[in-house]
Amino acid sequence: MNIPQTFWAWYNKHYTLNIIVAVALFAIQFVHLYWLTTHVVIHKIFGVSLWDPTTLLQNLLILADYTEIPALVSTSLIYLNNLRKKFDFKSTLYITLLYSQFLHIFWITDEFVVEQLTGRTETILPLWLAWVAIMIDYLELPVIFDTVNKLIKVLKRRLGQLKGVFKTD
């Protein structure tokens, strides 16, 4: 077997664990999206923040946002595995939505990390592009929900298998 075949054989053998890791990493993004909505978006639109985290908490949220990179990779593998087996539009769409997240990651790096490190509030990106990056961040929601749904299905199937093992007639 070559390296890709070996990898995909391992991936499918440990599919339940791989999807649990993807969902766990993506779950952190709900905290990030809450912060993004209540602190960043509402503040930029209305000039008030519904949640103003301390500097330490905001720095932790920025660091947590970088768990998005392994979340994107682990979740991409789910949909690449699907496409490897059979082409389908849904997997292609979700991979496209996942990879669009990298623009958001660059925006967070530009605005918040630079601001935290230097105190400078200007951003290199034009404002309209920052808004595009913010909107793109919400595009991960359908992928998160679909990935959670996949996990639920896998766990139900595994539970059904366990029930069959312990079933007595």
> How many nm separate the modelled label positions at L155 and F89, each set 7 Å beyond the Cα in the direction of the Cβ?
Replying inline: 3.1
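Classify region 55-108 as rounded, prolate or oblate, taking a ≥ b ≥ c as the square roots of the eigenvalues of its Cα gyration tensor: rounded when a/c is under 1.5, otherwise prolate if a/b is larger than b/c and oblate if not.
The shape class here is prolate.
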> Which lysines have a Cα less than 30 Å from the Cα of K163, not counting those fewer than 8 places away in the same chain?
Replying inline: K13, K85, K150, K153
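Values in this text are rule-based calculations from the coordinates and carry no lab data. Please read these numbers as outputs of a predicted model, since none were measured by experiment. Note: ideal-geometry Cβ built from the backbone for every residue, glycine included; neighbour counts use all protein chains shown.
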